[in-house]
Amino acid sequence: MGIREFPNGSARGKAATLGMRRSPDVSPRRLSDISPQLRQLKYLVVDEAIKEDLKWSRSVEDLTSASVGLTSIEERILRITGYYGYQPWAASYKRESERSRESPAPAEAQMQAGVEGGGRVNRCCWKCSVTQLKKIVWGVAMVLGVCSSWSGSTQLAKLTFKKFDAPFTLTWFATNWNFLFFPLYYLGHVFKSAEKQSPKQRYRECCRFFGDNGLTLKVFFTKAAPFGVLWTLTNYLYLHAIKKINTTDVSVLFCCNKAFVFLLSWIVLRDRFMGVRIVAAIFAIAGIVMMTYADGFHSHSVIGIALVVGSASMSALYKVLFKLLLGSAKFGEAALFLSVLAVFNVLFVTCIPVILYFTKVEYWSSFDIVPWGNLCGFSILLLTFNILLNFGIAITYPTLISLGIVLSVPVNAVVDHYTSEIVFNSVRVIAIIIIGLGFLLLLLPEEWDVWVIKLLTRLKVRKKEEIPEGNGDIASGLPNKSRRTRPSMSSFAH
């Protein structure tokens, strides 16, 4: 058992007896008074091996000193013998209270850690709010830039055609300016990037977008040339429509390209079906019909509307095919791709304006009468619009950039009201509103319905929480009134 018995006169026995005294919190009696069986334990010596076993069996708070260890032995004996006066919770409670008084540091450390954690959370929230505020500010600037550049280019093209009636030549001239995309991107890379690369290294890295072999002749004709044709058709049809109808109708009808993108993506790319976008597409088609009816189905306006719808369709086809064949592109890759389109325009489209000039389809008597200022201004505004449209997502939200295209409609309407003989009848106004509403519906994110459901659920939960609080206030007020009325009733009884 590990407990040895010694004669009555033994010094070790007396020391053990003195060491096995009771705990003052347990009972006023001695161990020898509990029962006759315990009288045999008067002389006890605890071996070191048993002490080690007891250390493993006791709780952590009993390992502080030897006296505490002996007290726990006495408490175990009292628990085993079933002594009626033993209260095990008294000693443990005292030890826990003493330990809490001796070492309050952990609680303070936890409080300090909590304060520090709260500070970190507050700093993170502050950083997030500042970042979002910067994005919103940049977004407002982008909206103004997109709106002004798009409406400005449209109005300047309308003004140019009064002196220079050559929409395809203007398209070819403006597309050549796309060559500046990659040089401008490289300048931004030099000023912003920490690891600067040479133009050749950056070009080779961006060429990986076209495949492992880079920009080869085969890739140029299979992946770049079709988009060059779509780019030219989009701009030419848009500019040619400006000759036929007013800029307000042209700008609002071109907003239908977002609905066409959704329909083509749903059919070709198998994108997620969304009922709200189908409604937006219906609005776009209804707006086109109403816009045609606004001028009484005249051949001149019908041709102009057909040209704008064709331009919007080419733009939608360009975006869907780009995602299907090339996927998503980084900023450098997109800049290189647009510069390649300019190269394609110079090499293979230059012959078309020459043919149109000699066939006198787009003819001008001398180069002196060409409004070079208008041509360069239109090209710069169109280049600015494409830069903001393609690279603006780096500093703000894409939805804010798209809003700039919609806001160009009222800007063109105001300009047309003062510079042309446009009539804003009820049918035209309703058509503009319907197409604009459809465009805004297409800007909704895919998870908008989930967000709306969460918002409605939170509102319902808050209402349910407010109702019990109000009932609780009413219920708590009734006993107070009854308590106040009792003294008056007792006074009447007396």
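Residue check: I352 meets all listed conditions (1) free of Cβ contacts under 8 Å to residues at least 12 places away in the same chain; (2) within 17 Å of L239 (Cα to Cα); (3) among the β-branched types (V, I, T) but one, namely (1). Of all residues in region 250-278, exactly one satisfies the criterion of being small (G, A, S) and over 26 Å from the mean Cα position of the chain (by Cα), namely S251. Out of curiosity, is S265 of a type in the set (S, T, Y) and under 30 Å from D416 (Cβ atoms)? So S265 fails the test. Quick check on region 408-449: of everything there that is open to solvent by 50 Å² or more (accessible area, probe 1.4 Å) and among the acidic types (D, E), which residue is modelled with the highest pLDDT? That would be E421.
For region 394-444, the set of residues classified as among the aromatic types (F, W, Y) and either under 19 Å from Y293 (Cα atoms) or in contact with a Gly (Cβ under 7 Å, 6 or more places away or on another chain) (or both) consists of Y397, F424, listed by residue number. For region 230-246, the set of residues classified as of a type outside the set (S, T, Y) and part of a helix (DSSP H, G or I) consists of L230, W231, L233, N235, L237, L239, H240, A241, I242, K243, K244, listed by residue number. Here D212 passes the criteria (1) part of a helix (DSSP H, G or I); (2) out of contact with any helix residue (DSSP H, G or I) (no Cβ under 7 Å at 6 or more places or on another chain) except the one numbered (1). Return yes when I369 is modelled with pLDDT of 85 or more, within 18 Å of A280 (Cα to Cα) and surrounded by fewer than 17 Cβ atoms within 10 Å (Cβ to Cβ) and no when it is not. When the stated conditions are applied, I369 does not pass them.
Evaluation of I405 against the conditions (1) within 18 Å of A280 (Cα to Cα); (2) modelled with pLDDT of 80 or more; (3) open to solvent by 50 Å² or more (accessible area, probe 1.4 Å); (4) under 29 Å from the mean Cα position of the chain (by Cα) shows that the sole unmet condition is (3). The single residue among V276, V252 that is touching a helix residue (DSSP H, G or I) at 6+ places or on another chain (Cβ under 8 Å) and at pLDDT below 90 turns out to be V276.
The residues listed here are T292, T232, T222, T247; of these, the one that is at pLDDT below 85 and more than 34 Å from the chain's Cα centre (by Cα) is T292. Residue-level analysis places T222 among those that are free of Cβ contacts under 8 Å to residues at least 24 places away in the same chain, of a type outside the set (F, W, Y) and not in a loop (DSSP other than H, G, I, E, B). Just one of the listed residues (V190, V146) is open to solvent by 40 Å² or more (accessible area, probe 1.4 Å), under 28 Å from F344 (Cβ atoms) and not aromatic (F, W, Y), and it is V190.
F262 falls short on exactly one of the conditions (1) in contact with a Leu (Cβ under 7 Å, 6 or more places away or on another chain); (2) modelled with pLDDT under 90; (3) open to solvent by 20 Å² or more (accessible area, probe 1.4 Å); (4) within 27 Å of F209 (Cβ to Cβ), and that condition is (3).
The values are calculated or read from the model by the stated rules, or taken from the named source; none is laboratory data. In this text the structure is predicted, and so the values were computed from the model without any measurement. Cβ: placed from backbone, ideal geometry, glycine included. Neighbour counts: every protein chain shown. Each accessible area value is taken on the protein alone, full model and side chains, heavy atoms only, with ligands, DNA and RNA left out. Shrake-Rupley method; radii C 1.70, N 1.55, O 1.52, S 1.80 Å.
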